[in-house]
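Encoded as structure tokens, the structure appears first; notes follow it.
Values in this text are rule-based calculations from the coordinates and carry no lab data. Owing to the predicted nature of the structure, the values given are computational and were not obtained by experimental measurement. Here Cβ is always computed from backbone atoms with ideal geometry, including for glycine, and neighbour counts include all displayed protein chains.
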Amino acid sequence: MSEELNCTNCNESLRGCKFIRVENNPHCLACYDRLHTNTCQECKQIIYHNTKELFYENRYYHTHCLRCFRCDCLLADKPFTSQGEKLVCSDCYCNEFSSKCSACDKIVMPGSKILEYDGSTWHEDCFMCHGCAKPIGAEAFIPDENYYYCVPCYEGRFAPQCSHCKKALTKGGVSYKDEVWHKECFLCTGCKAPLAGQPFTSQGESPYCVKCFSTMYAKKCAGCNTAITGFGDGKYVSFEDRQWHQPCFKCSRCSVSLVGSGFFPDRGQILCADCNNDD
């Protein structure tokens, strides 16, 4: 004799009847529909075992319930997307939600390559350099008012040229005596060390680092015999053919500061009033 076959849930005999196994357990159709079918997201009704079921983003639909919430067209065989909990066909989405290309004024279709900048949108092939009219694509570009330029066109048309290498200066550089340099091109005339971000001075039209200027051009302090460069304690006192850093301008005998005070030259020395009176 054959083994008795009953529904796992209601225990009704399944002999001669259609049934569905769930995890190898047989169920009559009524029990299967009641226990294991999904509910349609749209109409909230059961999707019976003999009904085609559609699935999208963890939600289930009858075929006739999967519709665009704008135009009500069936979506089973059409491309579509979602707006929150609502489904929308590609045509409605494009008409109501997609951006228009700033160049050709046509809709930028979902999934196509686009470029966005400063609130505007372009098809990739429509975003062109205003100079050479070639698509910029994903390359670097430079905006100028309402126009956009590829880097070579912008450099050739607008960018100032470095006074040293004569190449375009497109970002931060150094300005000196109404001329511009790349930071790496602004060098000491003497030792060729970079001067950007460093103290420097000039002799005529040529810039020099402090060391080179001190060695080549600076006057020597009569007090400490080091260069008077104009940096740090830059103020100095000059008398006849001699110069002193202000901190070095002292009485040769008692070392009191003579800055702003009367002093008396005595051969190679300078004296305060008290020391001069002692003579």
* What shape does region 220-279 have by the C-alpha gyration tensor, where a ≥ b ≥ c are the square roots of the eigenvalues, rounded means a/c under 1.5, and otherwise prolate means a/b greater than b/c and oblate the rest? -> prolate
* To do: Principal axes first, then extents: for the Cα atoms of region 1-83, list largest minus smallest coordinate on each axis, whole Å, largest first.
  => 60, 18, 18
* Asked: What GluC sites (Glu not before Pro) in region 64-153 are in a loop by DSSP, with at most 16 other Cβ atoms within 10 Å of the Cβ?
  -> 85, 139, 145
* Excluding residue 142 itself, what net charge comes from residues whose Cβ is under 14 Å from its Cβ, given Lys and Arg +1 and Asp and Glu -1? -> -3
* To do: Place +1 on the Cβ of every Lys and Arg and -1 on the Cβ of every Asp and Glu in the chain, take the dipole about the Cα centre, and give the residue among 22, 174, 251 whose Cα lies farthest towards its positive end.
  => 251
* Just how many % of Cα pairs in region 52-116 lie over 14 Å apart, if you round to the nearest whole percent? -> 59 percent
* Taking region 151-231, which GluC sites (Glu not before Pro) meet the DSSP loop condition and have no more than 12 other C-beta atoms within 10 Å? -> 205
* Please work out the Cα center distance from region 165-196 to region 7-84, rounded to the nearest Å. => 74 Å
* **Tail fraction, Cα-Cα pairs, the chain, threshold 25 Å, whole percent** => 75 percent
* What residue among 253, 242, 267 shows peak mean-square fluctuation when the chain is described by a Gaussian network model with Cα springs under 10 Å? -> 267
* Structure fact -> Correct response: the longest run of the chain lacking exposed chymotrypsin sites (Phe, Trp or Tyr not before Pro), defined by DSSP loop and at most 14 other Cβ within 10 Å, is 159-230
* Compute the relative contact order of the chain as a whole-number percentage, counting only Cα pairs closer than 8 Å that sit 6 or more residues apart in sequence. => 5 percent
* Counting Lys +1, Arg +1, Asp -1, Glu -1, what net charge surrounds residue 206 among other residues with beta carbon under 14 Å of its beta carbon? -> 0
* How large is the helix-only mean residue ellipticity at 222 nm for the chain, computed as the sum of -39500 (n - 2.57) over DSSP H runs with n ≥ 4, divided by its residue count, in deg cm²/dmol to the nearest 500? -> -3000 deg cm²/dmol
* To do: Name the residues whose placed amide hydrogens come within less than 5 Å of the amide hydrogen of residue 243, ignoring near sequence neighbours (fewer than 5 apart) on the same chain.
  => 222
* Can you list, largest first and rounded to whole Å, the semi-axes you get for region 33-142 by taking the square root of 5 times each eigenvalue of its Cα gyration tensor? -> 42, 12, 10
* Asked: Taking the C-alpha atoms of region 111-212, how large are the radius of gyration and the largest Cα-Cα span, Dmax, in Å?
  -> 19.2, 63
* **Amide proton proximity set for residue 159, modelled H, under 5 Å, gap of 5+** => none
* Asked: In this model, which of 166/219; 171/235; 183/220; 167/192; 166/235 are farther than 26 Å apart at the alpha-carbon?
  -> 166/219; 171/235; 183/220; 166/235
* To do: Run the numbers on region 145-279 and let me know its relative contact order in percent, using alpha-carbon pairs under 8 Å that are six or more apart.
  => 10 percent
* Structure fact -> Long-range amide H partners of residue 6, meaning residues 5 or more apart or on another chain whose placed amide H is closer than 5 Å, are 14
* Structure fact -> In Å³ per residue, the alpha-carbon convex hull of region 163-217 encloses 73 Å³
* Asked: Between 219, 183, 100, which gets the highest mean-square fluctuation from a Gaussian network model of the chain, Cα cutoff 10 Å?
  -> 219
